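**Student:** The following block contains the structure, expressed as structure tokens.
The values are calculated or read from the model by the stated rules, or taken from the named source; none is laboratory data. In this text, all values refer to a predicted model and were calculated from it rather than measured experimentally. No Cβ is skipped: glycine too gets one built from the backbone with ideal geometry, and neighbour counts run over all protein chains shown. Heads up: the accessible areas ignore ligands, DNA and RNA and are worked out on the full protein's heavy atoms, side chains in. Shrake-Rupley method; radii C 1.70, N 1.55, O 1.52, S 1.80 Å.
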Amino acid sequence: MSTPDPTATHCPPELRQGAKEVSVRPGFTGLLWTDVRARLSAPGRRYLRRTFPAVAVQTFTGTDEAYWQEWLSDEKLDRLSGLVIVLDGDGVPVGWVAGNDREFGGRTCFYANSAGVHPDHQGTGISSTLWRALLRAAIGKAAPRSLYAVMRTANPLVYSGWSAATGRTDTTWPAPGREIPEHVRRIAADAATDLGQADRLDPATSVITDAYEAELWKERPTSHRAELDEWFAELLGPRDAVVLVVAFHPISLMTHLVVHQVRRTLGLRKSSSSRSART
């Protein structure tokens, strides 16, 4: 008799339809849809509506299941240019990232719609793995032009992770002590307009006042950088957010990825993972 594989996972066939598998961790299954409208089947959508909201409200304790049922409506799903879901061994969603293609400031941008990881699995690198899968295609499509990633966030750990991903220190806005250039202000203004919050955006700081209808967390997540956490605490109220704009330049990004891989191979990589981050 064969011994059961402890890393074997259950993945509902209705979700596999139209999806590309993404390598995550042993015992988990990652699924990527790059054309959600066409590729995420009706049975797959129903499965997510049955299983996803209960996980999401544990990730974002200030939300309820009705909010996530709305987020999973056909209208909202069909607007996504990309969606990645990670399932545990029982086929339960435990993490996700989602993005949209948008025209902001006269540029084609990648809008980071939403991301989260169940509290039991935070700190394991799942979120960064899923974002890399989704961003890789977007950066390749934009090359050789720079890709501007845009998101609304109140999470300093998300800010830190996205800033570090560029491999540079001068392509993230807003940033302490650095003025936001005009082309980035235009991107942020169009993003705020798209969110229906243009009247609440401060162009000098890129802060949207009362960006969320409710507080997302009982306590704001923290990063591994005390000065960044303090800056967020000073900059944002409980329901405020920044419109974060991050520029990915293909050449410098490739150099950064090579260095990252070398460090990882030599065992020099420092681990820091993003907790949940609705954007």
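**Student:** What are the pairs, 6+ residues apart or on separate chains, where a residue within segment 190-209 that is under 14 Å from Phe104 (Cα atoms) has its Cβ under 8 Å from a residue that is aromatic (Phe, Trp, Tyr) and outside any helix (DSSP H, G or I)?
**Tutor:** Asp190/Phe104; Ala191/Phe104; Ala191/Tyr111; Asp194/Phe104; Asp194/Tyr111
**Student:** Something else about it: Got at least one residue in segment 185-192 being more than 21 Å from Ala56 (Cα to Cα), open to solvent by 40 Å² or more (accessible area, probe 1.4 Å) and part of a loop (DSSP other than H, G, I, E, B)?
**Tutor:** Looking through segment 185-192, none of the residues is more than 21 Å from Ala56 (Cα to Cα), open to solvent by 40 Å² or more (accessible area, probe 1.4 Å) and part of a loop (DSSP other than H, G, I, E, B).
Per-residue answers, yes or no, for (1) of a type in the set (Ser, Thr, Tyr); (2) exposed (fewer than 14 other Cβ atoms within 10 Å of the Cβ); (3) touching a Gly at 6+ places or on another chain (Cβ under 9 Å); (4) not in a loop (DSSP other than H, G, I, E, B):
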{"residue": "Leu15", "(1), (2), (3), (4)": "no, no, yes, yes"}
{"residue": "Glu21", "(1), (2), (3), (4)": "no, yes, yes, yes"}
{"residue": "Arg50", "(1), (2), (3), (4)": "no, yes, no, yes"}
{"residue": "Ile85", "(1), (2), (3), (4)": "no, no, yes, yes"}
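**Student:** Further question: Please state which one of Ala66, Ala138, Ala112, Ala54 is over 11 Å from the mean Cα position of the chain (by Cα) and under 22 Å from Val184 (Cβ atoms).
**Tutor:** Going through Ala66, Ala138, Ala112, Ala54 in turn, just one is over 11 Å from the mean Cα position of the chain (by Cα) and under 22 Å from Val184 (Cβ atoms): Ala138.
**Student:** Select from segment 194-203 the residues that are touching a helix residue (DSSP H, G or I) at 6+ places or on another chain (Cβ under 9 Å) and of a type in the set (D, E, K, R) and write down the one among them that is most open to solvent (accessible area, probe 1.4 Å).
**Tutor:** Once the filter is applied, the top-ranked residue is Asp199.
**Student:** Ok, one more. Could you list, in sequence order, all residues of segment 87-105 that are open to solvent by less than 10 Å² (accessible area, probe 1.4 Å), out of contact with any Lys or Arg (no Cβ under 7 Å at 6 or more places or on another chain) and more than 16 Å from Thr59 (Cβ to Cβ)?
**Tutor:** Residues satisfying the conditions are Gly91, Gly99, Phe104.
**Student:** Test Leu244 against the stated conditions and say whether it is assigned to a strand (DSSP E or B) and touching a residue at least 60 places away in the same chain (Cβ under 8 Å).
**Tutor:** Yes: the conditions hold for Leu244.
**Student:** Exactly one of (1) open to solvent by 10 Å² or more (accessible area, probe 1.4 Å); (2) part of a strand (DSSP E or B); (3) at pLDDT 90 or above is unmet by Thr108. Its number?
**Tutor:** The number of the failed condition is (3).
**Student:** Conditions: (1) closer than 21 Å to Gly237 by Cα; (2) part of a loop (DSSP other than H, G, I, E, B); (3) touching a Leu at 6+ places or on another chain (Cβ under 9 Å). Arg168 meets all but one. Number of the miss?
**Tutor:** (1)
**Student:** Out of the residues in segment 200-210 that are in a loop (DSSP other than H, G, I, E, B) and out of contact with any Lys or Arg (no Cβ under 6 Å at 6 or more places or on another chain), which is farthest from Thr59 (Cα to Cα)?
**Tutor:** Among those that are in a loop (DSSP other than H, G, I, E, B) and out of contact with any Lys or Arg (no Cβ under 6 Å at 6 or more places or on another chain), it is Ala204.
**Student:** Among the residues of segment 26-48, what is the count of those that are closer than 18 Å to His10 by Cβ, touching a residue at least 60 places away in the same chain (Cβ under 8 Å) and open to solvent by 30 Å² or more (accessible area, probe 1.4 Å)?
**Tutor:** Looking only at that region, the number is 1.
**Student:** Which of the residues belonging to segment 204-222 are under 19 Å from Trp173 (Cα atoms) and open to solvent by less than 20 Å² (accessible area, probe 1.4 Å)?
**Tutor:** Ser206, Val207, Ile208, Ala211
**Student:** Something else: Go through the residues of segment 115-123 one by one and say whether even a single one is modelled with pLDDT of 95 or more, closer than 20 Å to Met151 by Cα and in contact with a helix residue (DSSP H, G or I) (Cβ under 9 Å, 6 or more places away or on another chain).
**Tutor:** No, that holds for no residue.
**Student:** On to the next question. Pull up segment 111-162, narrow it to residues that are among the polar types (S, T, N, Q) and open to solvent by 20 Å² or more (accessible area, probe 1.4 Å), then point me to the one that is farthest from Gln197 (Cα to Cα).
**Tutor:** Thr124
**Student:** Condition first: assigned to a helix (DSSP H, G or I) and hydrophobic (A, V, I, L, M, F, W, C). Now tell me which residues in segment 135-165 satisfy that.
**Tutor:** Passing the criteria: Leu135, Ala137, Ala138, Ile139, Ala142, Leu157, Val158, Trp162, Ala164, Ala165.
**Student:** Could you say which residue among Pro238, Pro221 is part of a loop (DSSP other than H, G, I, E, B), touching a helix residue (DSSP H, G or I) at 6+ places or on another chain (Cβ under 7 Å), at pLDDT below 95 and more than 22 Å from Phe110 (Cβ to Cβ)?
**Tutor:** Sole residue among the options that is part of a loop (DSSP other than H, G, I, E, B), touching a helix residue (DSSP H, G or I) at 6+ places or on another chain (Cβ under 7 Å), at pLDDT below 95 and more than 22 Å from Phe110 (Cβ to Cβ): Pro221.
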